[in-house]
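The values are calculated or read from the model by the stated rules, or taken from the named source; none is laboratory data. Being a predicted model, the structure only gives us computed values, none of them experimental. Counting neighbours? That spans all protein chains shown, and the Cβs are built from the backbone with ideal geometry, glycine included.
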């Protein structure tokens, strides 16, 4: 299987000029050490700073990197969709989603690759299994995540222990079937909602989530009630048995 297997890391970037260099350097290092061919798709989501300029400088150094440039900021979900489209064009087998601040540690990439070789459809990093956890995350945010994830797990009823975490790898063929509509971070839940009806195998990888450093700028994620309710809308639909396939085919 490894002969035809390949993967890409999709990293959305919006005003991440302070993180571009270290992010690309560390990810490409892991790609070059990988036992499976790996590539990097950076999605500049309409940045207003020097993010795109710095990416273009690195493009000459790293042939493994592809830049997808969105002229206007569309949000996390829109950026991921652009990355998936590019991954499909390139014919990669898996997409591994990561953040530019690398609070998802690149040292976990080999563990993802091992699961790719085994052929799992969905590979999720988890804070909530043995060996997982958080480091430096403020308690109120950690508590919101625990509560939200517990509720999402109950509603989704999937063999996934960390539903709300965005550090995951999914087969490109599955992602290309999904008509994503969420522009923001709720796309993580929308994705799981579709995967409930498309994916056949899941596996967790324990990992430690770290906090974004002060010099990396503020996180783009919002903990506003409206955002959290949007997150929960998809597990509720899954619990109620609202099948996206049925809606997609126009059947009432």
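The residue that is surrounded by the fewest Cβ atoms within 10 Å (Cβ to Cβ), counting only those in the stretch 67-90 that are in a loop (DSSP other than H, G, I, E, B) and in contact with a strand residue (DSSP E or B) (Cβ under 9 Å, 6 or more places away or on another chain), is 72. Regarding residue 129, is this residue part of a helix (DSSP H, G or I) and surrounded by fewer than 16 Cβ atoms within 10 Å (Cβ to Cβ)? The answer is no for residue 129. The residue that is farthest from residue 12 (Cα to Cα), counting only those in the stretch 226-252 that are modelled with pLDDT under 70 and assigned to a helix (DSSP H, G or I), is 247. Evaluated against (1) crowded, with 23+ Cβ neighbours inside 10 Å; (2) touching a residue at least 60 places away in the same chain (Cβ under 8 Å); (3) in contact with a helix residue (DSSP H, G or I) (Cβ under 8 Å, 6 or more places away or on another chain), residue 93 falls short on exactly one condition, (1).
Results for (1) in a strand (DSSP E or B); (2) buried (at least 19 other Cβ atoms within 10 Å of the Cβ), shown as yes or no for each residue.
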| site | (1), (2) |
| --- | --- |
| 164 | no, yes |
| 169 | yes, yes |
| 177 | no, no |
| 185 | no, yes |
| 194 | no, yes |
| 197 | no, no |
| 200 | no, no |
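Just give me the residues in the stretch 44-73 being touching a helix residue (DSSP H, G or I) at 6+ places or on another chain (Cβ under 8 Å) and within 28 Å of residue 230 (Cα to Cα), in sequence order. The answer is 44, 45, 68, 69, 70.
How many residues does the stretch 132-160 contain that are over 16 Å from residue 206 (Cα atoms) and outside any helix (DSSP H, G or I)? Looking only at that region, the number is 5.
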